[in-house]
Amino acid sequence: MDVLHAPWRIDYILAPKQVAGPGEPSLFTRIAQSSDDVANYVIARSKSCYAVLNTFPYNGGHVMVVPYRQTAGLDELSDEETLDLMRLLKRCQAALTETMRPQGFNVGINLGQVAGAGIVEHLHVHIVPRWNGDMNFMPVIAGTNVVPEALADTAAKLRAALNRSA
């Protein structure tokens with residue numbers, strides 16, 4: 001049996017879990033209001049949105065683009081927020097292409113709990129880089145994904161690429 005080491009996961013395992021109650025700000029709102037982008041894996045900020053690495057990614061480089069304003073649905077975004085969200089999404093996709101050279105992307109929004117939204121109260125768009133053959137036996141047999149690079153390293157590379165494109 002092969003042993004996979006992921007020492008950065010212990011921080012999540014030991015950390016207290018915060019769930020927003022009714023009327024409380026979501027995790028994404030708390031990140032938006034924080035000034036510690038490095039600790040939160042925020043890789044870019046724009047006028048009305050920010051981009052952040054998913055702390056529990058489906059694949060290496062899994063980015064989410066999030067409006068600052070907490071809203072559950074697309075219909076609640078202004079035209080300006082929608083345009084800003086799409087512009088930042090495009091910039092992130094370009095940065096991922098430059099730094100990770102994926103062969104494709106999954107881009108999506110899960111609206112509502114039954115659609116798979118983990119943070120139902122705060123809309124966010126997922127950008128997941130994909131490579132030919134990236135689905136190996138681990139998710140099928142062990143229910144485990146293998147992310148080959150530490151989040152802090154991925155975040156630093158993407159921040160640099162996004163700063164160059166700004």
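Which residue is nearest to A94 (Cα to Cα), if the candidates are limited to the stretch 131-145 and must be surrounded by fewer than 15 Cβ atoms within 10 Å (Cβ to Cβ) and at pLDDT 60 or above? It comes out as W131. Taking the criterion of being hydrophobic (A, V, I, L, M, F, W, C), in a helix (DSSP H, G or I) and either exposed (fewer than 10 other Cβ atoms within 10 Å of the Cβ) or modelled with pLDDT of 95 or more (or both), the residues of the stretch 11-30 that qualify are I13, L14.
Looking only at the stretch 47-88, residues that are surrounded by 19 or more Cβ atoms within 10 Å (Cβ to Cβ) and part of a helix (DSSP H, G or I) come to 4 in all.
The values are calculated or read from the model by the stated rules, or taken from the named source; none is laboratory data. Keep in mind the model is a prediction, meaning the values are calculated, not measured. Cβ: placed from backbone, ideal geometry, glycine included. Neighbour counts: every protein chain shown.
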